[in-house]
Structure formats: C-alpha cells, structure tokens
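The values are calculated or read from the model by the stated rules, or taken from the named source; none is laboratory data. Computed from a predicted model, the values in this text were never measured in an experiment. Every residue, glycine among them, receives a Cβ derived from its backbone with ideal geometry; neighbour counts consider all protein chains shown.
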Amino acid sequence: MINTQKYRDALMARLGELDKRLHAIESELDSPKSKDWDEMAAEREDDEVLEHLGQSGQDEIARIRAALGRIRDGNYGTCTACGEQIAPERLDILPETPLCRTCAAQHD
C-alpha cells in the first residue's frame, strides 16, 4: 500500500515552490524596461527565458494537480496507461508521474 500522505505532502510543497517562482517571474516580466537599445535587446532575451521557465512551471503545476486528483480519487500510484502499480522508487523521484517506467519509456 502506498503512503499517499507522504506524496501529497511532497506535491503540495512543490506546488508552493512553483507558485512562488511563477510570481517572481511574473513580477520580473512586469518590471519597467530600459530605454537603451542594447539593454532592451538583452532584457528581451531574458524575458524569453523567463517566459519559457514560466511555461514549464505551469506545465508542472498541471501535472501536480492531476496527481493530487488521483490521490483524491484513490488511484494514485496506478499507471494511467496500463493499470499496473508504479514503483515507489519512481514515485519518490517523480511523485506527479501518471505512468510506470515501462509506459513512460514507450511514450518518449
């Protein structure tokens, strides 16, 4: 039997970290920009990196929310593709994963 409370706590902690990071990114993107052309070009590149980080953070949040939904529904730790148990070692590393190692390898 999987200790879902352990994974729920880890997922909630990560969700909090991501929320802080996304607020910091949003704040940085909303900050006033320079009038100097060279600085504007560098700031634009920085903004593109921040936007990419923000999008990857939002994607991770979606995976975490889905995992929390699986915990709530009572099917956390079961592969959504094949229905087999996901190894606890895999969940320790990727608590938001919906797939067992075999199915994840097939989806790559």
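Of note:
- In this structure, Thr102 does not qualify as at pLDDT 95 or above and part of a loop (DSSP other than H, G, I, E, B).
- Complete set of residues in segment 67-86 that are surrounded by 15 or more Cβ atoms within 10 Å (Cβ to Cβ) and either in a loop (DSSP other than H, G, I, E, B) or out of contact with any Phe, Trp or Tyr (no Cβ under 8 Å at 6 or more places or on another chain) (or both): Leu68, Tyr76, Gly77, Thr78, Cys79, Ile86
- Residues that are over 10 Å from the mean Cα position of the chain (by Cα) and of a type in the set (Asp, Glu), drawn from segment 45-88: Glu45, Asp46, Asp47, Glu48, Glu51, Asp73, Glu84
- Selection of first residues in segment 73-96 that are farther than 22 Å from Ala62 by Cβ and of second residues that are at pLDDT 95 or above and hydroxyl-bearing (Ser, Thr, Tyr), restricted to Cβ pairs under 7 Å at least 6 apart or on distinct chains, gives the following pairs, ordered by first then second residue: Gln85/Thr78.
Conditions tested, residue by residue: (1) within 15 Å of Lys6 (Cα to Cα); (2) at pLDDT 95 or above.
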residue: Asp38; (1), (2): no, no
residue: Glu43; (1), (2): no, no
residue: Asp46; (1), (2): no, no
residue: Val49; (1), (2): no, no
residue: His52; (1), (2): no, no
residue: Gly57; (1), (2): no, no
residue: Arg70; (1), (2): yes, yes
residue: Gln85; (1), (2): no, yes
residue: Arg90; (1), (2): yes, yes
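- Test: residue in segment 16-25 that is in a helix (DSSP H, G or I) and at pLDDT below 75: yes
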